[in-house]
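A short reminder: the numbers here are calculations on the coordinates, not readings from a lab. Computed from a predicted model, the values in this text were never measured in an experiment. Virtual Cβ from ideal backbone geometry, glycine too; neighbours counted across all protein chains shown.
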Amino acid sequence: MDTSYPREDHKRGPSPGNPGPQPPRDHLVWSIFNTIYMNFCCLGFVALAFSVKARDRRAAGDVEAARRFSSRARCYNALATAGSVLLPLALAALAVTGVIHLAQLAHDSVGFFTYQLGGSDDEDK
């Protein structure tokens, strides 16, 4: 039995090399950004609510609840950001393909109507 003092394995608190577990982030700035600028289906507002709850729970010392709320806030923020970025890109892609399709349809229609309306020389004789 080692009785030397002080014992390294019984130190209380975090050591300088290992600061211990970090408190959960609340993602409040990201939530505010999603609420104001990219509020896709009100997901930014829901993320803001969970961010505030995470901040309150962290301030109260309930780290596990703060971690849960932080995880939900991050999930809703990711969904709001993805929806707000991907939806306009998808709509732009649909608009471009629609214009290309309409241009092709108009080109084909012009050829069809000039053939039908132009007639042939055999009918005139």
Separation of the CYS42 and ASP108 label points, Cα + 7 Å toward Cβ, nm: 4.4
Mean Cα-pair separation over length for the stretch 18-118, i.e. relative contact order, pairs under 8 Å, 6 or more apart, %: 26
